[in-house]
Structure formats: structure tokens, C-alpha cells
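Structure record follows, encoded as C-alpha cells.
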């Protein structure tokens, strides 16, 4: 069961979301049907690889596993602090007594997303000093990796965003760095299409894929 509690902080309404969590990736969960992006952090993407001891490894999958291990089937509680550009709730989430956002950063499996918040910079500095998680080897910052994937896709096709229509008739767009991007095939005879920018897709009525 998912419980959404509203309370007031000054003139603005905030919310606490409580319930069972499904793991989307290293920094995103779903509580019931509600996608929640962990506020102030950025974890490697699902397909991202990093290097440790001179060898590549699936750091995106490891970040996702770490989040799953922290939750371990417990209900989560998320303080919803806003929404991102894609309409997802932004939350500071806990499982039991463990805050997920700060723990992922302090364990080295996510970075402080300083473009939006400096809340977890001290946790990141501690992880870097201890050389844990990503800091035990070398890696590309998730936001730079996503940019590189998008640029590479544009070199092969001017418009790289895939506008897919699923079996339920939902119009969903996939970005080059997302989990199912390579599996999605575009059939323009069905009304599916390519987009050059996310805003173009949003304006046309498509929503972003959750992973």
C-alpha cells in the first residue's frame, strides 16, 4: 500500500510518500505507480561501465544493486521536495533508519549532483578520500557520460530520440543513454517517430521512458 501524506511548511505544501519500492536504476525508484528520482545525487546509468584495477566493470549495474541492497524489501519513506524536468517526484528517501541519498554517495555509488544541490558534497568528499565505490577506480561522471552518448547517437542520425508507441498505446520517448534505447525499433508507419530534442517530444505529447 502506498500512503501519500500532505503537510504544510510555511505557505507551501510538501508531501511524504510511503510504500513498497521498485528499483528503476541507481538513483530512481517507483513507489506504487509514482517514479521518484533521489534528490541531489546522480548515479551511473544502467549501461555505463567504469574501470577498476585496469579492467572495465558494470558500475551502473553495481549502483542499482547497491540501492536494491539498501532497501532490501523494506518500505521506503520519501520526503518529496519538488519535481524534475520530466515530471518525476524528487525525494529524500529512507529505508528504515538509512537515508538512501546520502548513503549511496558516501558509499561511492553516486555523486553529489552539484548542478542542483550541494547537500551531499561532504558525503562525496568522504567517499573520494576513502576510495570506495566508483572512487576505487576511474569513471566518467554520469552527466558527462549521458552527454557523450547523446553526441555519439547524433553522429549516426541527426535526430537521436526514439518516439515509441507501446502495446497500450502510450507515447514514450527513449534517450540514447537509457536502458531500453537499443531494443526500441521505430516503425514510422505506426506513427512512431524520431525527435531531435526532448522538448520537441514533450510538445508532441510523448513522455520520457522511466529507464
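The values are calculated or read from the model by the stated rules, or taken from the named source; none is laboratory data. In this text, all values refer to a predicted model and were calculated from it rather than measured experimentally. Neighbour counts are summed over all protein chains in view; Cβ atoms, including those assigned to glycine, are modelled from backbone coordinates with ideal geometry.
Observations, loosely collected:
- One residue from 129, 118, 102, 94 being assigned to a loop (DSSP other than H, G, I, E, B) and under 20 Å from residue 41 (Cβ atoms): 118
- Scope segment 153-167; condition over 21 Å from residue 203 (Cβ atoms) and either at pLDDT 85 or above or outside any loop (DSSP other than H, G, I, E, B) (or both); matching residues: 155, 156
- Some residue of segment 134-153 being more than 30 Å from residue 108 (Cα to Cα), without any contact (Cβ under 8 Å) to a residue 40 or more places away in the chain, out of contact with any helix residue (DSSP H, G or I) (no Cβ under 8 Å at 6 or more places or on another chain) and not assigned by TED's automatic domain parsing to the domain that holds residue 58: no
- Segment 46-89 - residue that is assigned to a helix (DSSP H, G or I) and free of Cβ contacts under 8 Å to residues at least 40 places away in the same chain and, of those, nearest to residue 106 (Cα to Cα): 70
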